[in-house]
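Undergrad: Handing you this structure, nothing more for now.
The values are calculated or read from the model by the stated rules, or taken from the named source; none is laboratory data. Quick caveat, the model's predicted, so the values are computed rather than measured. Glycine also receives a Cβ, built like all others from the backbone with ideal geometry; neighbour counts cover every protein chain displayed. These area figures cover heavy atoms from the full protein model, side chains too; ligands, DNA and RNA do not enter into them. Shrake-Rupley method; radii C 1.70, N 1.55, O 1.52, S 1.80 Å.
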Amino acid sequence: TELEQEILAWGINLLVQRNPNPMERPTLDASCLASNIERVAVLGRLGFEQQEIRSQHFARSLAEPIPPPRLPQGYFIRATVGEAEVEALVALHQAAFESDQMTTEYRLAMMRAPAYAPDMDWLAISPTGNLAAFCVGSLDENDPTCGRLDPVGTHPQYRQLGLGTALMNHGLAELKRRGARKALFGTSSENNAMRSLGERVGFKLESESLWFAREI
């Protein structure tokens, strides 16, 4: 218990240093798997309150059949051309998620990470050449038999065309071709569209992470 209190005090101190405005009421956040009963109990003892939102983790065996990607006439899939189109990639991500959390700096950091594979950063292109949807694939650095498809998104202008399904099926086939035997992706419990998309291409819910917050 004493060590738990020391860790909590350390976290609060760091958060206060980063948020010196006394008018703001930041929260110290934590998460753990829903099955981790011991950690859930620890967070409860330390005054954390469980939030409604959950992180959901989906998995799919690549031994199961993978349908070929089906695209509307005139659409095609290609890999990104690199940092030259980073601004367009950021704009597409922001439009797809209706959020400005993705920034040029963050996208460049993703693309410059050692594990990033440019030929696994896929785009669906419209007949007029616009970036319509995206899917980023990767192989686990510690276990190359396990791959991820995350994030995935579609520009609002191009939804209901099956682009997300086509990109994920394309990504599943590519992961399998590179030696992966299992594919994963994650989303939030609030993202009904992404959960439905994953289930359409064969993913099943494997586990959930709970989120907790403690006001400072």
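Undergrad: Counting only helical runs of four or more DSSP H residues, what would the 222 nm mean residue ellipticity of the chain come to if each run contributes -39,500 (n - 2.57) and the total is spread over all its residues?
TA: On the way: 6 runs with 71 residues, N = 216.
Helices in the chain give a 222 nm mean residue ellipticity of -10000 deg cm²/dmol.
Undergrad: Report the relative contact order of the chain, percent, no decimals, based on alpha-carbon pairs under 8 angstrom and at least 6 residues apart.
TA: Working: 356 pairs, mean separation 75.6, N = 216.
35 percent.
Undergrad: Pick out the long, greasy-scoring helices in the chain: whole DSSP H runs spanning 18 Å or more along their own axis by Cα, mean Kyte-Doolittle at least -0.5.
TA: Both cut-offs are met by 2-18, 163-177.
Undergrad: How many angstrom lie between the Cα centre of the stretch 136-188 and the Cα centre of the stretch 22-92?
TA: Rounded to whole Å, the Cα centres lie 12 Å apart.
Undergrad: Would you look at the GNM of the chain, springs on alpha carbons closer than 10 Å, and say which of L43, L161, L15 moves the most?
TA: Residue with maximal mean-square fluctuation among L43, L161, L15: L15.
Undergrad: Here's another thing I want to ask about it. Using a 1.4 Å probe over the heavy atoms of the protein chains, calculate the carbon and sulfur portion of the accessible area of the chain as a whole percent.
TA: On the chain, the fraction of accessible area on carbon and sulfur atoms equals 52 percent.
Undergrad: Would you mind computing the Rg to Rh ratio of the stretch 162-216 from its alpha-carbon coordinates, Kirkwood style for Rh?
TA: That ratio equals 1.10.
Undergrad: Report the percentage of all Cα-Cα pairs in the chain whose separation exceeds 20 Å, rounded to a whole percent.
TA: Every Cα pair in the chain considered, those over 20 Å come to 65 percent.
Undergrad: I've got another one for you. Between A63 and N36, what is the label-point separation in nm under the 7 Å Cα-to-beta-carbon projection?
TA: The modelled label-to-label distance comes out at 3.0 nm.
Undergrad: Let me ask something else. Give a quick list of chymotrypsin sites (Phe, Trp or Tyr not before Pro) in the stretch 92-121 that DSSP marks as loop, anything other than H, G, I, E or B, with at most 14 other Cβ atoms within 10 Å. Write out the running numbers ahead of the final one.
TA: Details: sites: F97, Y106, Y116; in loops: Y116.
The qualifying sites are Y116.
Undergrad: Here's a follow-up. How many nm separate the modelled label positions at Y106 and T1, each set 7 Å beyond the Cα in the direction of the Cβ?
TA: Result: 4.0 nm between the two label points.
Undergrad: Could you give the nm distance between label points at V16 and R178, where each point is 7 Å from its Cα heading toward the beta carbon?
TA: Taking the two extended label points, one gets 4.5 nm.
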